[in-house]
Amino acid sequence: MTDSQPITVLLVDDQPLLRMGFRLILEGEDDLGIVGEASDGAEAVRQVRELNPDVVLMDVRMPVLDGIEATRAITASGSAARIIILTTFDVDEYAFAGLQAGASAFLLKDVAPSELIHAVRVVASGDAVVAPRVTQRLLETYVRGAHRPANAAAPRDPLLEDLTPRETEMLEAMAEGLSNGEIAHRYFLSEATVKTHVRRILTKLHLRDRVQAVVYAYETGLVVPSNPDY
């Protein structure tokens, strides 16, 4: 056990063997602890309310209440829990819907143990996005396909006017999938300065975390899909 409090995790999947596998992986780490398991979305919502976990690993296809609606209910409740959507395909409409509903990241179910551990730590720290390049591809695919016709302009959110030119640059860089370190390198800034900019952007736009900022940038048309013929 580390000196600080361990990161608490709730496992949500209707397949007991998958939950067992994730439990075995995560409980092998001193700084991670499983506080509960749920087999459907409704049970997940109840357990988040009772157990207040730091991170929820959330399957999308479950009985009673699916993972998307459960994610929406958890984020709407004001819970501080960060949600990682578990999916089978890397470009998946369910994963995109999960990000829209308030999830902080998504992972493939066959993720390597080391990547799962890293993802839980990253999301718990508030420094999502996990697998940013994959997340960017997912967003480009579904924003292009589901939200507006080609060549149609997105409505510009008046909140964007509250951003400084530097903050707008930071938001665009985040939407590219760049990490704080990569943004710092591009703009010759310290990582601490980048973190301050990111925090201010989230506050001004009333966003939960970095992945919500990326979704926002695409949905408001600040960033447009890079390959319209894809």
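Observations, loosely collected:
- Under 5 Å between amide hydrogens, built in the peptide plane, is the criterion, and for ILE7 it picks out LEU32, GLY33 among residues at least 5 positions away or on other chains.
- Put a dot 7 Å past the Cα of ASP162, heading toward its Cβ, do the same for ASP30, and the two dots end up 4.2 nm apart.
- Rounded accessible area of HIS206 (nearest 10 Å², 1.4 Å probe): 140
- Shape of the range 9-122, Cα gyration tensor, a/c cut at 1.5: rounded
- Where labels lie 7 Å past Cα in the beta-carbon direction, separation of THR203 and ARG49 in nm: 3.2
- LEU202 accessible area, 1.4 Å probe, all protein chains in place, Å² to nearest 10: 30
- The gain in end-to-end length when the PHE188 to LEU65 segment is fully stretched comes to 39.6 nm, 0.36 nm per residue minus the alpha carbon separation.
- Each residue, GLU176 and SER77, gets one label point 7 Å from its Cα in the Cβ direction; the gap between the two is 3.9 nm.
The values are calculated or read from the model by the stated rules, or taken from the named source; none is laboratory data. All values derive from a computational prediction rather than experimental measurement. FYI the Cβ positions are ideal-geometry reconstructions off the backbone, even for glycines, and counts take in every protein chain you see. These accessible areas exclude ligands, DNA and RNA; they are computed on the full protein's heavy atoms, side chains included. Shrake-Rupley method; radii C 1.70, N 1.55, O 1.52, S 1.80 Å.
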